[in-house]
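One structure is given here, and the rest of the page talks about it.
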Amino acid sequence: MWAAYKFLNIVIVALSYFPSIMIAASPTDYHTAEENVRALLKRQFDEKIADELSHPEEIEGWPLEEYDLGQISGVDVDTSGNPVVFHRGTVVWDAGSFNDSNHYTRADEGPIDEDTIVVLDSKTGQLLASWGGSLFYMPHGITIDKNSSIWLTDVALHQVFKFLPGTDKPLLTLGQAFEPGTDNDHFCKPTDVAVAKSGDFYVADGYCNSRIMKFDKEGKFVAKFGEEGWIWREGKGSTLAIPHSLALIEDEDILCVADREHRRVLCVNAGIQNPQQFGEIVSVTNGVYIGRIFGIAYSSGRLYGVNGAGSAPAATQGLTIDWKTSQVVDTWTSRRSFISPHDIAVSRDGQTIFISEIGPNRLTKFVLRSAPTSAQYDNTLYE
Ligand SMILES: *[C@@H]1O[C@H](CO)[C@@H](O)[C@H](O)[C@H]1NC(C)=O
Ligand SMILES: *[C@@H]1O[C@H](CO)[C@@H](O)[C@H](O)[C@H]1NC(C)=O
């Protein structure tokens with residue numbers, strides 16, 4: 001980019017030495033033409049800076065020491081900026097984990113002994129804290145709300161939990177343990193939660209229902225869209241095929257859903273201002289570059305996503321998505337290559353992104369590349 005910019009700069013310098021090559025001959029016209037070229041250059045330069053600002057760059061060598069975690073099904077960033085993962089310890093989701101009616105087959109083996117929630121230091125990747133042993137059977141989604149409460153989904157239990165910070169007894173438990181179901185008191189392998197400032201929340205349900213449910217902050221069912229059971233409708237309208245991750249864009253009253261097997265991101269009205277508009281479609285991405293989208297996350301005006309194995313023709317990669325135009329505006333990957341990404345999280349300041357994988361079980365950190373300083377900018381353009 002700098003090379004291209006330098007070249008344009010040389011063109012400007014050349015134009016000022018040889019004004020006769022300008023088509024417009026009069027001094028006034030020439031002055032206007034030069035102003036226009038400068039304005040165009042400045043605009044391109046500003047756009048470039050914006051692009052570079054938003055391009056995520058991997059932090060190689062993070063974490064400093066590898067840790068021994070199971071399948072990292074979920075990641076979020078806490079209010080201090082540290083990544084918090086939800087992992088499966090020694091349990092692995094395989095073809096025998098559930099029977100044909102979606103009941104977990106290994107309940108008698110008991111919950112995962114080891115701590116399933118682990119807080120890592122954002123700078124070093126070192127372990128800061130952990131909890132959540134002997135509570136969960138098959139961890140899936142983790143969401144940390146603005147008050148630092150932690151929301152978790154367990155696909156074996158078919159339940160959703162809210163924990164106040166520093167506690168290990170849930171304040172809220174939704175769904176019936178080990179009972180998949182389709183009514184408003186049951187879930188079927190719920191995947192993720194999104195929480196509004198008010199404490200009202202949304203649940204993506206899930207692998208074996210195809211719906212998004214909205215609850216008030218006490219956990220009372222409010223509304224839903226989508227359908228019960230597993231549906232395949234080729235991504236028509238607001239039907240869903242494994243809604244796998246949610247991102248709430250609260251300022252715009254938008255809820256985006258990673259509609260994994262339809263290979264698209266569907267953004268709908270979140271119904272915060274006008275509850276009756278909940279679920280109305282606002283935008284839908286084009287599937288070709290998206291692939292099987294596993295995770296989405298939103299911060300500071302940007303929607304990020306990550307797709308997973310089996311996404312061809314799309315590469316397995318990180319995506320920056322403009323939800324308003326439904327376009328993928330940037331893609332990015334890890335130098336060690338993603339194998340099985342499962343979730344993505346972005347810090348509240350929008351500067352740091354984490355991607356979790358479930359085999360190899362690892363976390364990758366990205367930061368947004370910083371922009372050139374304004375001093376650099378001034379010297380180069382107006383020398
Ligand atoms: C699955 O397991 C549950 C609980 O053990 C049982 O009630 C149900 O009948 C089983 N379903 C099938 C299809 O085997
Ligand atoms: C956070 O706490 C405040 C004060 O109790 C409350 O009004 C707000 O709804 C809570 N937000 C969430 C996301 O729970």
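Mind listing the Cα extents of segment 303-358 along all three principal axes, in Å, largest one first?
Ordered largest first, segment 303-358 gives principal extents of 26, 23, 17 Å.
What's the center-to-center distance, using Cα atoms, between segment 63-107 and segment 199-230 in Å?
Between the Cα centre of segment 63-107 and that of segment 199-230, the gap is 22 Å.
Given the pairs LYS123/LYS162; LYS197/LYS220; LYS189/LYS224; LYS324/LYS365, which span a C-alpha to C-alpha distance of over 24 angstrom in this model?
LYS123/LYS162; LYS324/LYS365
Give the value in nm², to one decimal: projected area of the alpha carbon convex hull of segment 64-368, averaged over all directions.
Averaged projected hull area, Cα only: 14.0 nm².
Kindly rank 163-176, 117-130 from highest to lowest mean number of other beta carbons found within 10 Å of each residue.
Listed from highest to lowest mean packing, they are 117-130, 163-176.
Read the figures in this text as sums done on the coordinates, not as results from a lab. Predicted model, so just to flag it, every value in this text is computed and none were measured. Positions of Cβ are backbone-derived with ideal geometry, glycine not excepted, and every protein chain shown enters the neighbour counts.
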